[in-house]
Structure formats: structure tokens, C-alpha cells
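Have a look at the structure below before the remarks.
The values are calculated or read from the model by the stated rules, or taken from the named source; none is laboratory data. The structure presented is a predicted model; accordingly, all values stated were derived computationally and were not measured. Note that each Cβ is placed from the backbone with ideal geometry, even for glycine, and that neighbours are counted across all protein chains shown. What goes into the accessible areas is simple: the full protein's heavy atoms, side chains included, and nothing from ligands, DNA or RNA. Shrake-Rupley method; radii C 1.70, N 1.55, O 1.52, S 1.80 Å.
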Amino acid sequence: MKEIIDVKLKTRTVDFGKYKTDLLAVGVFSDVKELDRLVRELNTKLGGAIEQLIKLGDFKGKEGSSAIVYDNERTGAKRILLVGLGEKKKATLDTVHKAAAHAAKKAVAMQIKTVGLALHRAFGARFDLTVMGRVMAEGTYFGSYRYDEFVTEKEDGRLGSLSVELIDCDSARTRKLNKGLSSGAIIGKAQSYARTIANRPGNVIDPPALAAEAKKLARGTAGLSCTVLDKKQLAAKGMGGVLAVGSGSQSEPRFIVLKYKGTNRRTPVGLVGKAITFDSGGISIKPSAKMEQMKLDKSGGIAVLGTMKAVAELKLPISVYGVIPSAENMPGGSSYRPGDIITTFSGKTVEVQNTDAEGRMVLCDGLSYAEKENCDPIIDIATLTGACRVALGKYMAGLMSNDEKLTKQMQKAADESGEKVWPMPSGDEYASEMKSKIADLKNIGSNWGGACTAAAFLRQFVGDKKWAHVDMASVELLEKATEFSTEGASGFGVRLLTTYLMNLVK
Ligand code: BES
Ligand code: MN
Ligand code: ZN
């Protein structure tokens, strides 16, 4: 795939006062009175210009804010970007990610070609430098990302590529940053890839096109293999859930399996992602307002796709299977209907009471597949319920699980990646709402706790395997551009899942 903006990333050991760049980005906390050493040095070179700016109150170091100081040829940098980091005591790795993203976004907006990032300096010894290198690299990709592949009439052109250097004056420190940069660049790139595939609309990415994209990814990535089941094969295997959801569309459903085999002998981790390329609701059709956002209903599957790319490029020693059931949910003469009873891949039967609860219908087949392949743990990720959006808002995803240790591991990965999750229940009370009188299960519960009843449904398809479910129906979309990103698909899940997998190896 043609990269939307080609980001070139490396590290360099430099003399800060002489370092040549178009934009040198440094961090400033809002509540630290003393400037840190690097900023102090720059300030002296600039004859007190930075101090002046802060004294006048033009820049307060708030998160999301920044100020540019022009250097007047007194250092090697044409511009110095002061990036606000907020309160020091509240700083997390997400602060680092956001600061790098902010600087990269500014550079792209200003059509600046070379950037030096010294954002880590302000944090002192707070975080490991290797981790900071990784997070700054990820943030650089995140902030510089644009989606404009279908814009033919561009107003004022834009950058084709951006060169970013993570810099420090101490070579031992630079080496540590560089170690993190290599993995961060892989993860950042995988996330941008995910964002682009997710941003593509339903007429461009339907299930066969998504399957072709997965095949293409596997062909171009060492260690990754891909098999795709078409409609006939789905019927032969008895994957009734995926078939039912896909039955109303002119585009046939596909069941995509990516396999990465690591060198160790652990059972593979199963990642299962919902990939509804467009969710109209089907016969239980959705209201028309904002229905266009339902092109993003494939985001869970694409998070799995992007994670598989990252895992293979990182050459992790564990085995990971990426399972992506894909269908388009449309109303039509051949659609599945409310009242239908579907036999799923597991053998369990499901009474359909709402065709808009289609995610769980495709995921149950994906989960059973991962279970039969002996994956353990199994983690699914999906834009599953509007109820989760109501419960958590747009800042974090819901996390349900049948295993406490796995919950903790996922929460740790969330904290480290900045892709947040919040624990929610999915136990027997919720499962009891999913019982049908005329089949084993039904596909909707009562009016309340919809995210939890959906998870309680899924939980019944993993046998005795450890399982976690990420309901990302609040975080797949950035409705408006922020100080850290353009609008559109967020690529949520790539960083969370990859960080989780990297931590398993440590
Ligand atoms: N894809 C939707 C969930 C969704 C809603 C994602 C809003 C992103 C934003 C899912 O397939 C759906 O329609 N869920 C229904 C379930 C209901 C019928 C039980 C919902 O949440 O309304
Ligand atoms: Mn739906
Ligand atoms: Zn859906």
C-alpha cells in the first residue's frame, strides 16, 4: 500500500545547541517552575526568549498546547516547538505519546520536513528510555497520519514524507532510545495501516476485498500466512453465524485466518476481530443519521490485521492466530430475519431477535474456530454495542473476561499503550438473559446492560479457554480532529494488543 505519509525515523546523538533541524520539539510541564536543563540551555542561547514567552503567559505548558519560538540563527534549529505536557504528577506514557503526536501533527500542518524530538528530556528518569523511544515513535506515526487517498483536488499540496529524529546528547541514551524506536516504528506503521484500511468505505472494502488485503499483507510479510474461507467453504464447515449475517449482501462473506508461528512451543494466542464492512442493521434497520459511520464496524477485525502485521515484523517468539470473520450486514430478499434460528459453528443454536445484533453472530463462529484450534488465551475485539458507548463514552473500551490474570495483563497493556480499557461484568446474571425458549441462545438480552449481555453471549463459545473481550464501540472513531490526531478511524487496538503480546514474551 502506498503510504499516506512516508515517515522516516531514526535516532541521533547531537550537540543540542548546534543541531540542525527545521523544528526542534521539547517538552514543558505546566506546574514545574524551573525549566529543565535542555530548555534552560536553549533559553540562554536565545537570549531569554523562552522565559519571556512563558512569563507573558503566552504558553502555560498545558497538555495539547504548544508555542513556537523562532531561533534567529542562534542555534541550529530554525524553530523550537515548546510542547505542553500538563501537570508533571499526572504524566503517563500517554503524555509522551500525545506530545510526539502533537509535534508530528504540527510539522505536517506546517509542511515542515525535518523534526528533532527531545521530548523525553523533560521526564528525567521517570520512564525507561527504551520504552520512551518506542512511545515517541508510535506517537510520531499517530500524529502525522492523514487520510486523503480519494481527494483528487488538493488545496495546497502536502508533505509526501517526514523525517523525524529522536535526539539526545549522550550516546548511551541515544542507543536506548534507538532500541525502542525499532519496535515503535513497526507498531506505529501497523497502526497507520489499520487506520487506512478502516477509513476506506464499504464500496471499496467489502469482505472479499478485505480478504484480498489480508492475503496481500501475508504475501509481503515474512512469517505470516493467510487462508480465506469463501461462502461455499463456510457452508461446508457449518459456520452458520457468518453466513446468516452475510446473506443479505451482494458481497459474499469471508472468514480470514492469519497465522504467525513463533519459535517457542506455547499454545497460540487467538485474536478474533469483528469485521462487518458495513452495518446497516439488516432487516432490523438502523436510523439513517450517521449511518455512514458504520463503515467502521470492521475496526475490530482490522485491529487484528494490524496487530498480526506488527507481531510478524517484531518477530515475537510466540505463536498468534488472527481470526477475522467478515460480512456486510444488509437488508434484502435473502437477508436473515428476526425469528430465524441459526446453527453456529459450535453446534449451538441461536434465535435471532434482532438482525442488528450481528457482531456476536459472526464472532461466535470466530471464537469457536479459535477454540477448536486450541488457542489459549483467546481475545476478541469488536465494535460490538452502542451500550458500551453509552456506559464509557469515547475515552476507553470495555473489557470483559473470564480470567483475572488476563484482565490484569490487558489493563497493564492498556496503561502502557495509552489505549485504555475499563473492566465490566459478563457473568451468569447476564448470560441468563441470553437464553431462548426455542433455541440454545437468543441474540439480544433485555433493555439494560447491553454491553454485558453481549459479552455474556460470546463467553459461551470459548469452552474452558481463557478469554477476554474488548468492546471498542466507543473508540474506533475520532469524530473531530484533536491536538494529537486527524479525524476518522483511530486504529484502536493495534497498540493495545501488540503491547499485550510483547509483555507475554518478557
Ligand atoms: N455495530 C453496532 C454497534 C455500534 C453502535 C458500534 C454504535 C459503533 C457505534 C452493533 O452491531 C449493533 O448494532 N449493536 C446493537 C445491538 C442491539 C441490537 C442489541 C446496538 O448496540 O444497538
Ligand atoms: Mn449492528
Ligand atoms: Zn455492528
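Percent of Cα pairs in segment 173-277 per distance bin of 5 Å, from zero to the largest separation: 2, 10, 15, 20, 18, 14, 9, 5, 3, 2, 1, 0.
The largest-to-smallest principal axis extents of the Cα set in segment 51-179 are 47, 39, 30 Å. Centre-to-centre, using Cα atoms only, segment 88-107 and segment 258-334 are separated by 29 Å.
Under 19 Å from a label point set 7 Å out along the Cα-to-Cβ vector of ARG74, the amide N atoms of segment 33-52 belong to 35-52. For LYS232, the lysines whose Cα falls under 19 Å of its own Cα, not counting residues fewer than eight places away in the same chain, are LYS215. For TYR336, what is the net charge nearby, where nearby means another residue's Cβ is under 15 Å from its Cβ and Lys, Arg count +1, Asp, Glu -1? Residues close to TYR336 contribute a combined charge of -4.
Using the Cβ atoms and a cut-off under 14 Å, what net charge is assigned to the surroundings of LEU181, where Lys and Arg are +1 and Asp and Glu are -1?
Values: positive: LYS8, LYS10, ARG12, ARG134, ARG173, ARG175, LYS176, LYS179, LYS189; negative: ASP128, GLU138, GLU165, ASP168, GLU313.
Neighbour charge sum, excluding LEU181 itself: +4.
Close amide H contacts of THR11 (hydrogens built in the peptide plane, cut-off under 5 Å, sequence separation of 5 or more or a different chain): LEU166.
Counting only protein heavy atoms and a probe of 1.4 Å, the accessible surface of segment 6-196 is 49% carbon and sulfur.
Multiplying the sequence separation of ARG40 and GLU153 by 0.36 nm and subtracting their Cα-Cα distance, what value in nm do you get?
In short, 36.2 nm is gained.
Working from label points 7 Å from Cα in the Cα-to-Cβ sense, the LYS435 to SER171 distance is 7.1 nm.
Per-residue Karplus couplings for segment 461-472, computed as 6.51 cos²θ - 1.76 cosθ + 1.60 with θ equal to phi - 60°, are listed in order as 10, 10, x, 9, 6, 5, 9, 9, 10, 10, 8, 9 Hz, Gly and Pro entered as x.
Give me the accessible area per residue for the chain, probe 1.4 Å, as a whole number in Å².
Working: 20630 Å² over 506 residues.
Accessible surface, normalised per residue, equals 41 Å².
Of the DSSP beta bridges with both residues in the chain, give the percent that are antiparallel, rounding to the nearest 5. Antiparallel: roughly 40 percent of the beta bridges in the chain.
Label-to-label distance for GLN250 and GLN293 is 2.7 nm, based on points extended 7 Å past Cα in the beta-carbon direction. Remark: segment 202-505 carries a charge dipole of roughly 740 debye about the Cα centre, counting +1 on each Lys and Arg Cβ and -1 on each Asp and Glu Cβ.
Surface composition of segment 202-505: carbon plus sulfur atoms contribute 51% of the solvent-accessible area (1.4 Å probe, protein chains only, all chains present).
Answer rounded, prolate or oblate for segment 427-485, using the Cα gyration tensor with square roots of eigenvalues a ≥ b ≥ c: rounded when a/c is under 1.5, else prolate when a/b is larger than b/c, else oblate. Cα axes put segment 427-485 in the prolate bin. Each residue of segment 6-11 was assigned a 3J(HN,Hα) from its phi angle through the Karplus expression (A = 6.51, B = -1.76, C = 1.60, θ = phi - 60°), giving 7, 9, 10, 10, 8, 10 Hz with x at Gly and Pro. The angle separating the long axis of helix 494-505 from the principal Cα axis of greatest extent in the chain is about 90 degrees.
Based on the Cβ-Cβ distance from ASP6 to LYS372, what FRET efficiency comes out when R0 is 41 Å, to the nearest 0.05?
So, using R0 = 41 Å, E works out to roughly 0.50.
At a 10 angstrom cut-off on C-beta neighbours, averaged per residue, how do the peptides 263-269, 351-357, 158-164 rank from highest to lowest?
351-357, 158-164, 263-269
Measuring only protein heavy atoms, the 1.4 Å probe finds TYR193 accessible over about 20 Å². Spacing of the modelled spin labels on ASP31 and ALA236, each 7 Å from Cα toward Cβ, amounts to 6.3 nm. Taking amide H as placed 1.01 Å from N in the peptide plane, the amide H of ALA468 sits under 5 Å from that of ILE378, ILE379, ASP380, each at least 5 places away or on another chain.
The phi-based Karplus calculation (6.51 cos²θ - 1.76 cosθ + 1.60; θ = phi - 60°) puts the 3J(HN,Hα) values of segment 224-237 at 10, 10, 9, 10, 10, 9, 8, 4, 4, 5, 4, 5, 4, 7 Hz, whole numbers, x for Gly and Pro. Over all Cα atoms in the chain, the spread is summed up by Rg and Dmax: 23.8, 80 Å. Each listed q (0.10, 0.16, 0.20 Å⁻¹) maps to a log10 I(q)/I(0) for segment 94-250 from the Debye sum over equal C-alpha point scatterers, namely -0.53, -0.96, -1.22.
Can you compute the FRET efficiency between ARG266 and ASP464 using 1/(1 + (r/R0)^6), with r the Cβ-Cβ distance and R0 = 22 Å? Round to the nearest 0.05. Working shown, then result.
Numbers: r = 17 Å, r/R0 = 0.78.
It comes out at approximately 0.80.
Centroid-to-centroid, using Cα positions, segment 395-427 and segment 135-156 are 29 Å apart.
Mean residue ellipticity at 222 nm from the helices of the chain, using -39,500 (n - 2.57) per DSSP H segment of n ≥ 4 over the full residue count, to the nearest 500 deg cm²/dmol? The partial results should precede the final answer.
Details: 15 runs with 182 residues, N = 506.
Rounded to the nearest 500, it is -11000 deg cm²/dmol.
Can you pull the Kirkwood radius for segment 345-504, inverse mean 1/r over Cα pairs, to one decimal in Å? Value: 16.1 Å, from the Cα pair sum. Taking 15 Å as the cut-off, the amide N atoms of segment 356-379 that come nearer than this to a point 7 Å along the Cα-to-beta-carbon line of LEU504 belong to 370-379.
Considering only the other residues whose Cβ falls under 14 Å of the Cβ of THR277, what net charge follows from Lys and Arg at +1 and Asp and Glu at -1? Walk me through the numbers on the way to the answer.
Values: positive: ARG200, ARG254, LYS274, LYS295, LYS298; negative: ASP206, GLU213, GLU252, ASP279, GLU292, ASP297, GLU328, GLU358, GLU476.
Neighbourhood net charge equals -4.
Cross-link pairs exceeding 21 Å in C-alpha to C-alpha distance, out of LYS348/LYS442; LYS179/LYS506; LYS309/LYS348; LYS274/LYS442; LYS259/LYS298, comprise LYS309/LYS348.
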